[in-house]
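Before any comments, here is the structure.
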Amino acid sequence: MPVTLTPRLVGLMVAVSLTVGWMGSSLTQNSAPAQAPSERTLRPLGGQPVGPPQAEVLRQRLNEPPMPSRGRNPFVYSSRAPRPSAYRDREREPEAAPAPVMAPPMPIAAPLPVFRLSGVASTVEDGVAVFTAILNDNGAMVFAKAGAKLSRGYTVVRVEEMSVTLSDADGVTQTIRLP
């Protein structure tokens, strides 16, 4: 006789097989034979005491000096040694230190003025191109043509398309070019 398998019948068969498997495994686990108690042995008199060997090892370790640490333990924080500060050094009386040897004073040259060429403009006057330099003179913007006076006695000697030539009071010239 043919049997039709309906979803309900399939579910029932799966549930029964899982239940039987679970019960069978629990029965086999519980039926393991119990271990026989260990037999007591006689120990000879005057022999080594039978006991846990761990106790002797631990006693020996307590008597040994501690091992040096391999490095800094990141989990242990300790106070740092105080660093000498400038304030504390001023409070102390100065010790007799040898006087430092001073080099002979060198003549200090006056700082050179800072000129930077920002650009060059050109105009046509009487059919001739006249160039005007746009200079940064110690932070101030200056429009200078040839012959113009700048700070600290500098004079513009020549203005070209890409450079400016300056001269100081002593006649020393310097050329500044566009970057």
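The values are calculated or read from the model by the stated rules, or taken from the named source; none is laboratory data. All figures in this text were calculated on a predicted structure; none of them were measured in a lab. In this analysis, Cβ positions are derived from the backbone assuming ideal geometry, glycine residues included, and neighbour counts consider all displayed protein chains. Accessible surface is based on the protein model in full, side chains and every heavy atom, while ligands, DNA and RNA are left aside. Shrake-Rupley method; radii C 1.70, N 1.55, O 1.52, S 1.80 Å.
How many residues does region 121-145 contain that are open to solvent by 70 Å² or more (accessible area, probe 1.4 Å) and hydrophobic (A, V, I, L, M, F, W, C)?
Total meeting the criteria: 4.
Go through the residues of region 133-146 one by one and say whether even a single one is modelled with pLDDT of 90 or more, among the small types (Gly, Ala, Ser) and in a loop (DSSP other than H, G, I, E, B).
Yes, there is a match, as at least one residue in region 133-146 is modelled with pLDDT of 90 or more, among the small types (Gly, Ala, Ser) and in a loop (DSSP other than H, G, I, E, B).
State all residues of region 147-178 that are open to solvent by 90 Å² or more (accessible area, probe 1.4 Å), in contact (Cβ under 8 Å) with a residue 24 or more places away in the chain and assigned to a loop (DSSP other than H, G, I, E, B); if no residue qualifies, say none.
Within region 147-178, Glu161, Met162 qualify.
All but one of (1) of a type in the set (Ser, Thr, Tyr); (2) at pLDDT below 60; (3) assigned to a loop (DSSP other than H, G, I, E, B); (4) under 46 Å from the mean Cα position of the chain (by Cα) hold for Ser38; state the number of the condition that does not hold.
Of the numbered conditions (1) of a type in the set (Ser, Thr, Tyr); (2) at pLDDT below 60; (3) assigned to a loop (DSSP other than H, G, I, E, B); (4) under 46 Å from the mean Cα position of the chain (by Cα), the odd one out for Ser38 is (4).
Which count do you get for residues in region 81-120 that are surrounded by 10 or more Cβ atoms within 10 Å (Cβ to Cβ) and at pLDDT below 75?
Going through region 81-120 one residue at a time, the tally reaches 3.
Could you check how many residues of region 152-170 are closer than 25 Å to Val124 by Cβ and of a type in the set (Asp, Glu)?
2
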